[in-house]
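Right, one structure below, let's go through it.
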Amino acid sequence: MNAMIVYKIAQMEFVRVITSPIVLFAGIILLFIAFLNGAGGIDTLDYISSTDNTDTAVLKGFQQIFGSTVMLLTITTAFVSATTIPYERWKGSVNVLLAKPLYRRDYILGKFAGLAMFMLLFITFIVLFTGLAVIVYFRGPQSISGYAWRVMAYITVFTLSCWLVIALNMLIGIISKNILFVTAAAMTYFFIDSIWYSNRFLGFLSILTPQTLLGKCIYNANTSIGLFDSLIPFGHWLSSVIPYVSLLIIEMILLLLAGIYLFSREDSN
Amino acid sequence: MRNVLLIARKEFVDILSNRMVLFVLVLFTFYVFTLVYDFSIVVNGGRPGAKVGLDDNNGVAAANYILYMLTWCGTIIGIIIGCSTISTERMGSALNTLITKPLYRDTIINGKIIGSLLFFAAYILFIMAIFTAAFLVFCGNALAPYLADYFSRLPFMFIFVLIYIGVFLSLSLLVSLLVRDQAIAMVISVVFVYFSEVLVGQSISRNLSNILPGLGLEGLLSGLSPKSVATQAHLVFAHSWNDAYSAFFKILPGMEKLLLFMVIGMILSYIVFVKRDIS
């Protein structure tokens, strides 16, 4: 693997995504939702605060818009990653790139790295803005370190689940050369994982979907351990989510390897 | 009129011969069988304590399974067809050829809308037929006493689902006419679904109402969501004390709202298609 080439492709991909109108559109909506959550959602936080004099109320500020944030970020991630390779095929730029002394795996890794870095920064920005809106309109946390750990953990698991979405949708984009099919498949994925109950389709296999794994990390109904419950020690939460985080990482690597394998074998035309 | 019917027929055949649509239809047919199999396990007592509906009327519960499935899956079909009907012709430059023919532009869009709606009608009937056949095969005995309730609801559900899918069809058609990039058009259409979902289930409308109190924003925004109308329809149809007619009349105001959304979307599509350079 040529790290320099991967870095260059990642840089190009990062610039492409950050200037994409889809991302701008999603970013504006997410910031608006985060602002509404801070300015309009404090009545619920006040109620939690009156019954529970801990930092749980401040942390619940994230949980209040967890569903709507995850859904929109999944839409953005799925479409941006599914269309990245089909667009380059359509424009013919992939053929120019592949004519260079470049391994196909470096191309896929670079694309993935660019998208992954972008999602990390995007999610960090959105989560920090959400936290800021809650602090401005409600109150700050009593334990800064506990709050910081949990916010960092939230960003980490959220980003990992988005990375899995990237790997999955990039694979769809590698399998099909038809942009219409790829966008429709990305949309179908979004519906199954975010809007419909994936367990209705997939049964016990639904545990493998990014949203289910993220949901398990944020709040596990079987063990009643949640990231946003300040009464549960952070270490206790961390040890309970290790299996799910491991599964996220393993799935991501497998899908990425499958994408590299398929892309390396296909005819460049 | 003849030209409209010709374009409608071509649109119907195009959609039906689209491999992606066929793939989705096969997927949904498979899903129908899994749903009905699950239903049969519950009604045959395979899962003690579980119920298929709100009460003991299996016919009402079975019909509601169809309504759930068609409103959920219909949304995705509506968006795919709404976006692809213009995008595929634009990508293949067939739209330019069509526009240069001695045809009014409104003839083209009328034909496309009629063809798409006819396809949806055929799709709904197909799924209903598959459901009915599967119900009768898997759990005919449990369903037999309630067949009148089951069949009496289907025509009203057909009308409701057709209008519901039509809303997403008209919105995605409008977006694909406005936005040249097909992926962005599809994202925007999906964002409509997102808003439809979050305005009901999440706290966005309540938060907005808290910021601007006294304007009734929570009810207004939730009411604008097609999902809220569908949720209300699911509830009304789920109760066996509502016979098919009374259930239909109870959801009629919501259906009128959906129809209005669909008509507004289509009128805007007309305006964009006739006035704008869409090539």
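Out of the residues in the range A:205-236 that are of a type in the set (Val, Ile, Thr) and in a helix (DSSP H, G or I), state the one that is nearest to residue A:76 (Cα to Cα). For the range A:205-236, the residue satisfying everything is A:212.
On the stretch given as the range B:163-214, residues that are aromatic (Phe, Trp, Tyr), in contact with a helix residue (DSSP H, G or I) (Cβ under 8 Å, 6 or more places away or on another chain) and more than 7 Å from chain A (Cβ to nearest Cβ) total 3. Of all residues in the range A:210-225, one or more are more than 21 Å from residue A:86 (Cα to Cα), hydrophobic (A, V, I, L, M, F, W, C) and surrounded by fewer than 16 Cβ atoms within 10 Å (Cβ to Cβ). Being in contact (Cβ under 8 Å) with a residue 12 or more places away in the chain, exposed (fewer than 14 other Cβ atoms within 10 Å of the Cβ) and either β-branched (Val, Ile, Thr) or more than 14 Å from chain B (Cβ to nearest Cβ) (or both) holds for only one residue in A:251, A:266, and it is A:266. Please work out if residue B:154 is surrounded by fewer than 21 Cβ atoms within 10 Å (Cβ to Cβ), in a helix (DSSP H, G or I) and within 13 Å of chain A (Cβ to nearest Cβ). Considered against the rule, which asks whether it is surrounded by fewer than 21 Cβ atoms within 10 Å (Cβ to Cβ), in a helix (DSSP H, G or I) and within 13 Å of chain A (Cβ to nearest Cβ), residue B:154 comes out as no. The single condition among (1) under 29 Å from residue B:119 (Cα atoms); (2) surrounded by fewer than 24 Cβ atoms within 10 Å (Cβ to Cβ) that residue B:208 does not meet is (1). Figure legend. Inter-residue proximity from the range B:29-45: first residues more than 12 Å from residue B:139 (Cα to Cα), second residues modelled with pLDDT under 85 and outside any helix (DSSP H, G or I), beta-carbon distance below 6 Å, spacing 6+ or different chains. No pairs are indicated.
Taking the range B:1-47 as the range and being of a type in the set (S, T, N, Q) and either under 24 Å from residue B:113 (Cβ atoms) or assigned to a loop (DSSP other than H, G, I, E, B) (or both) as the test, the residues that pass are B:3, B:17, B:18, B:44. Scan A:70, A:94, A:80 and give me the residue that is in contact (Cβ under 8 Å) with a residue 40 or more places away in the chain, assigned to a helix (DSSP H, G or I) and away from chain B (no Cβ under 14 Å). Checking each option against the conditions leaves just A:94. Residues being surrounded by fewer than 21 Cβ atoms within 10 Å (Cβ to Cβ) and either β-branched (Val, Ile, Thr) or modelled with pLDDT of 95 or more (or both) are entirely absent from the range A:160-174.
Restricting the range A:24-48 to residues that are more than 10 Å from chain B (Cβ to nearest Cβ) and in contact (Cβ under 8 Å) with a residue 60 or more places away in the chain leaves a set whose member that is farthest from residue B:218 (Cα to Cα) is A:27. Touching a residue at least 40 places away in the same chain (Cβ under 8 Å), in contact with a helix residue (DSSP H, G or I) (Cβ under 6 Å, 6 or more places away or on another chain), more than 25 Å from residue B:121 (Cβ to Cβ) and of a type in the set (A, V, I, L, M, F, W, C): which single residue out of B:67, B:54 fits that description? That would be B:54, the only listed residue that is touching a residue at least 40 places away in the same chain (Cβ under 8 Å), in contact with a helix residue (DSSP H, G or I) (Cβ under 6 Å, 6 or more places away or on another chain), more than 25 Å from residue B:121 (Cβ to Cβ) and of a type in the set (A, V, I, L, M, F, W, C).
Screening the candidates A:56, A:69 for the property of being among the hydroxyl-bearing types (Ser, Thr, Tyr), crowded, with 22+ Cβ neighbours inside 10 Å and at pLDDT below 90 yields one hit, A:69.
Residues of the range A:150-204 that are within 14 Å of chain B (Cβ to nearest Cβ), of a type in the set (D, E, K, R), touching a residue at least 40 places away in the same chain (Cβ under 8 Å) and part of a helix (DSSP H, G or I): A:193 alone.
Restricted to the range B:210-279, the set of helices (runs of 4 or more DSSP H) holding at least 3 residues that are at pLDDT 80 or above and within 30 Å of residue B:86 (Cα to Cα) comprises B:226-238, B:244-275. Going by the structure shown, is residue B:171 crowded, with 19+ Cβ neighbours inside 10 Å, modelled with pLDDT under 80 and within 23 Å of residue B:75 (Cα to Cα)? Answer is no for this residue. Just one of (1) away from chain B (no Cβ under 14 Å); (2) surrounded by 18 or more Cβ atoms within 10 Å (Cβ to Cβ); (3) out of contact with any Gly (no Cβ under 8 Å at 6 or more places or on another chain) fails for residue A:124. It is (2). Would you confirm whether any residue within the range B:191-201 is buried (at least 24 other Cβ atoms within 10 Å of the Cβ) and polar (S, T, N, Q)? Taking every residue of the range B:191-201 in turn, none turns out to be buried (at least 24 other Cβ atoms within 10 Å of the Cβ) and polar (S, T, N, Q).
The values are calculated or read from the model by the stated rules, or taken from the named source; none is laboratory data. None of the values given here were measured: they were computed from a predicted structure. Backbone-built Cβ (ideal geometry, glycine too); neighbour counts: all protein chains shown.
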